[in-house]
Every structure is written in structure tokens, then in C-alpha cells.
1. So, in region 116-160, exactly how many residues are among the small types (Gly, Ala, Ser) and either modelled with pLDDT of 90 or more or closer than 26 Å to Ile220 by Cα (or both)?
2. Take Val91 and decide whether it is in contact (Cβ under 8 Å) with a residue 24 or more places away in the chain and not in a loop (DSSP other than H, G, I, E, B).
3. Quick one: which strands (runs of 3 or more DSSP E) sit completely within region 113-164 and have at least 2 residues that are surrounded by 13 or more Cβ atoms within 10 Å (Cβ to Cβ) and aliphatic (A, V, I, L, M)?
4. Can you name every residue in region 35-80 that is part of a loop (DSSP other than H, G, I, E, B), open to solvent by less than 70 Å² (accessible area, probe 1.4 Å), at pLDDT below 95 and not hydroxyl-bearing (Ser, Thr, Tyr)?
5. Taking the residues in region 1-21 that are among the polar types (S, T, N, Q) and free of Cβ contacts under 8 Å to residues at least 40 places away in the same chain as candidates, determine which candidate is least open to solvent (accessible area, probe 1.4 Å).
6. Starting from region 224-245, take each residue that is of a type outside the set (Gly, Ala, Ser) and list its partners that are open to solvent by 50 Å² or more (accessible area, probe 1.4 Å) and in a helix (DSSP H, G or I), counting only C-beta distances under 8 angstrom and pairs at least six apart or across chains.
7. Quick check on my filter: what residues within region 89-109 are open to solvent by 60 Å² or more (accessible area, probe 1.4 Å) and among the charged types (D, E, K, R)?
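The values are calculated or read from the model by the stated rules, or taken from the named source; none is laboratory data. All figures in this text were calculated on a predicted structure; none of them were measured in a lab. Please note: Cβ atoms are built from the backbone with ideal geometry, for glycine as well, and neighbour counts cover all protein chains shown. Keep in mind that these areas ignore ligands, DNA and RNA; they rest on the heavy atoms of the full protein, side chains included. Shrake-Rupley method; radii C 1.70, N 1.55, O 1.52, S 1.80 Å.
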Amino acid sequence: KQEVPAYINFKGFYLVENTDFTFSQSDDLLTSDIRDVWVYVNGKFIGAFPLNPSDTTFECVFPILKEGKHKIELRPGIIYNGINSMREEQVFYTTYIDSVDLVPGEEITIPKQPIMYNAARCSMPFKETFESYFINFQQADIVGKEPLSMATTSGDSVKYGNHCGAIYFENNGHNKYISKDSIFCNNDNGIILEIDYNSNVPFEIGMYGRSSSAETSKYISAVRLTPPQKGGWQKIYVLLSKVWNTLGYPTSFKIYLEAFNPDNVSNPFIHVDNIK
């Protein structure tokens, strides 16, 4: 028997502040790149659907083979490490839950929904928006360490707020920057680094730490990003859990950024913002 589904026209998500956190979340900090909606009906997963971009929103239409009133859960989905095959629910965001009355052949519109960081499931021990002149990154492994530069120009250089961080590749090899403060974490299964970036040369994101008391600290790469083909600012969610599994002693690490210029690009730059 051919069943006729009901349809949901979902207009997407947008990120808002969660006042349960002890720190304020400005609009600059609340950047996101939600690509999918993961759909559950009566607690059962029925599929993940891409949110197709339009001029004003990210939205999609998906079918549900149900009739009558049902509980629906819509969960935000992201891409880890910029790899399309690594699509997952963003468990650190909240979920939209509602009851809908499904009619076969008819479409229900759910407007764009606010979500927030889920304070019950995550903490945010590291935040750098480059809006303060105390910048939590400095040059690594050299004498006379310099802080990461701050860009203040308008246009493509700064997209969020009034400032962003800037790495300008130097042929002298001083192209690695490390966080000044250690990040403490005893959860090796759920560490995500978010970063907004704009660059014309590749750069690496990784962790610095030890795997045992007998070892010295070392740098381990998590991902190397290439310049965006279309240019402009991008956002990425970097999965750090596998790297942290190789470190984890005692319970702290640092974040590092390292620039490369294999193609000898003139005027090489990497702009970064909203690292959390």
C-alpha cells in the first residue's frame, strides 16, 4: 500500500544567548554553521536533512509517514573538521521540541527557531573574541614571545565585532602561536573547538600537552585548513577528542595555530575570530 506522508517545512535555527552561563554571550560570540536538521518523532530517529541556504534563511521540507498528533524533536546538525562525511548532531546545542498534528499530503510550517548552548551538557572554559587588548595567544618556542596581532580594519579583515586576530606568515619561521592559558578538561569524549577564519594560506589547529609524567609536552595537529575557494569568512567545528586521547596528562592542554605558505603566496594572512 502506498502511504502518503505529511510534510514539515522547517525554516532553520539561529543561536541566542543562554543566561544560565556565568559569562555573557555577545552577538559576536554567537556564530554558528548549522547545516542539517536531525529529526525525531516520538523519540525515534527518522532522518537527517540538509538545510538548503536561501537569501534569508536555511530551510528544508521533509516527509513524515505519520498521521495525527505526534511529538517532534528537531536537533541542529553540524560538520566536523570541514568534512562532509563527518555530519553529526551538535550535542552542545539545545533541541526544539513540539507537538504537531500531521495530515497526509499537507504541509506544516515551523518558523526559524532559537537555540542556545546547552548549559546542562557543556562548558566553555576558553573564549577569545579579540575584543580586548589582552590576547590569549602568543608566539611559541621563541625568545621574546610576541602576542598574536589584532586586526582593526573594516571589510573582509573584520567581520564580527571591532577586531579579529591576525597571523601574517613570516619566512623566518615564527608562525606558530599558542594559547597563554591552559585549558583544563577531564572529558576525553567531547572536546570541540569552534573558530571563524579567513585566510589565503593554509594553517593548522592542534593541541599542546603531555601524555604522561615522563614525557615532554608536544604539538599534535587536529586539522589543517586550506584557504576557502570562494574566499571570505568561514566557520569550522574542530573535533579535538582523538587528539586529547593521546595526551590527557594531567588534565590540561593548550591550543596552537600554525601558518604555512607552501605556494609562496604574496601578502599571506590568516584572520581568526570567536575561538571557543
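1. Of region 116-160, the ones among the small types (Gly, Ala, Ser) are 119-120, 123, 132, 140, 144, 149, 151, 154-155, 157.
Filter again for either modelled with pLDDT of 90 or more or closer than 26 Å to Ile220 by Cα (or both), leaving 119-120, 123, 140, 144, 149.
So the answer is 6.
2. Numbers: in contact (Cβ under 8 Å) with a residue 24 or more places away in the chain: yes; not in a loop (DSSP other than H, G, I, E, B): no.
In short, no.
3. Details: elements: 113-115, 137-139, 149-151.
Filter on region 113-164 gives 149-151.
4. Residue satisfying the conditions is Leu51 alone.
5. Taking region 1-21 and keeping what is among the polar types (S, T, N, Q), we get 2, 9, 18-19.
Next, only the ones that are free of Cβ contacts under 8 Å to residues at least 40 places away in the same chain stay: 2, 19.
Working: Gln2: 158, Thr19: 115 Å².
Within region 1-21, the match that is least open to solvent (accessible area, probe 1.4 Å) is Thr19.
6. Close Cβ pairs (under 8 Å, with a partner that is open to solvent by 50 Å² or more (accessible area, probe 1.4 Å) and in a helix (DSSP H, G or I)) amount to Trp233/Asp156.
7. Hits for region 89-109 are Asp98, Asp101, Glu106, Glu107.
Conditions (1) open to solvent by less than 50 Å² (accessible area, probe 1.4 Å); (2) within 18 Å of Ser182 (Cα to Cα); (3) of a type in the set (D, E, K, R), marked per residue:
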site: Lys218; (1), (2), (3): no, yes, yes
site: Leu225; (1), (2), (3): yes, no, no
site: Asn245; (1), (2), (3): no, yes, no
site: Pro250; (1), (2), (3): no, yes, no
site: Ser266; (1), (2), (3): no, no, no
site: Asn274; (1), (2), (3): yes, yes, no
